[in-house]
Amino acid sequence: PENEKSSAKQVKIKTVGDNVPPALSTFDLMKKTYSLSPVLMENLNKSGYTEPTPIQTQAIPVMLQKRQIFACAPTGSGKTAAFLVPVIHHLNKPLNKGFRALIVSPTRELAKQTLRECTRLCEGIGLRAHTFTKINKDKEKFNPKLAQKFDILIATPNRLVFLLQQEPPAVELDNIEWLIIDESDKLFETGVRGFRDQLATIYKACGPNAKRAMFSATYTVEVAKWSKKNLDGLVAVTVGNRNT
Ligand code: ADP
Ligand code: MG
C-alpha cells in the first residue's frame, strides 16, 4: 500500500509498506507512544530539537517498531537523529557485550560528525559510541575482548571490511541489533560491485537478527531495488520530491 501525506509545513511524506506506523508530529507524542526515556527527551531538547523534522516524524516510529526501513530525505533534514533516536532507545543502557549497533558512513568526516551527535544524544544514558582512528592502533585496540565497553560503532566500509578480514577478525559484530547504512546512495555509487560486496561481508558478520536501515539524500533506483530485495517487512519513506 502506498500512502501520501502532507505535514503542516506542506512537506510530502510518502510511505510504501504494510501496516506503516503513523507519523508522530511531536517528540512528546513519540515519548508517550513508545515510552522514550526522559533523559533522551532531555538530550533532544538540549540539542535544540524542539520538534521532529518531517523525516523524523515517520522514520522514528517505523524504527521504534523494529521495522526495516529505506528512508530518503534531503540533505540537512535531520536524518542522523532519525536513526539515532530509535537505536539509542532500543540499546537502552550499556551491557558490556560489545557493539550492538553499527552505523556505516561513507567518509571519516561524516563518521566523526555522527559520533558527536551520538555522544550528545547518549549523555546520561551511559551508552558509548566509537569510531576508528589510526589503522594499526585499531588492530590492537579492537580485538573483540577490548571492544566490550562500546555499544555503538560508527565506521567507514573500507576500514570495517579490512578489520573483519583479519585472522582472527579484529572487530566482532555478532551482537549487532541495528545496522544503519547512512548516505547509502553515495555508498552504492562507489564502483560497479564495490559496496554491494562490502555490504554483504558486513551483513554476514552481523548475524541473522540484525535489522537494517538505509538512509539517503536522493532516491536512487539502485538502493530502492536493493532494499526491496533484501529487507523483509520493509517500509520505504520518502520526504519531498524524488530527485534522482
Ligand atoms: P541530514 O543527515 O539529513 O543531512 P543532519 O542529521 O546532519 O541532516 O541534520 C542537519 C542539521 O539539523 C543538524 O545541524 C542537526 O543538528 C539539525 N537537526 C536535526 N534534527 C533537528 C530537529 N528535530 N530540530 C532542529 N534541528 C535539527
Ligand atoms: Mg546525514
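What to note about this one:
- The distance linking the range 164-199 with the range 21-69 is 27 Å (Cα centroid to Cα centroid, whole angstrom).
- Think of the chain as a dipole: +1 on every Lys or Arg Cβ, -1 on every Asp or Glu Cβ, centred on the Cα centre; then among His89, Val221, Leu115, Leu115 lies furthest on the positive end.
- Using Cβ point charges alone (K and R +1, D and E -1), the dipole size of the range 153-244 about the Cα centre works out to roughly 360 debye.
- For the chain, the C-alpha radius of gyration sits at 0.97 times the compact-globule guess of 2.2 N^0.38 Å, with N the residue count.
- The range 95-111 residues near the modelled Val39 label - backbone nitrogen below 15 Å, point 7 Å along Cα→Cβ: 95-96
- The trypsin sites (Lys or Arg not before Pro) of the range 156-238 that meet both conditions, a loop assignment by DSSP and at most 13 other Cβ atoms within 10 Å of the site Cβ, are Arg193.
- Per DSSP, loop trypsin sites (Lys or Arg not before Pro) in the range 1-75 with at most 13 further Cβ within 10 Å: Lys9, Lys66
- Gained length - Asn19 relative to Gln166, 0.36 nm times residue gap less alpha-carbon distance: 48.7 nm
- Residue with peak Gaussian network fluctuation, the chain [Cα springs, cutoff 10 Å], from Pro21, Pro157, Pro168: Pro168
- The GluC sites (Glu not before Pro) of the range 143-244 include none that meets both criteria, a DSSP state outside H, G, I, E and B (loop) and at most 11 other C-beta atoms within 10 angstrom of the site's C-beta.
- Rounded to the nearest 500, the 222 nm mean residue ellipticity of the chain from helices alone is -11500 deg cm²/dmol, with -39,500 (n - 2.57) taken per DSSP H run of at least 4 residues.
FYI, it's all coordinate maths here, none of it is from the lab. Everything quoted here is computed from the prediction, not taken from an experiment. Neighbour counts are summed over all protein chains in view; Cβ atoms, including those assigned to glycine, are modelled from backbone coordinates with ideal geometry.
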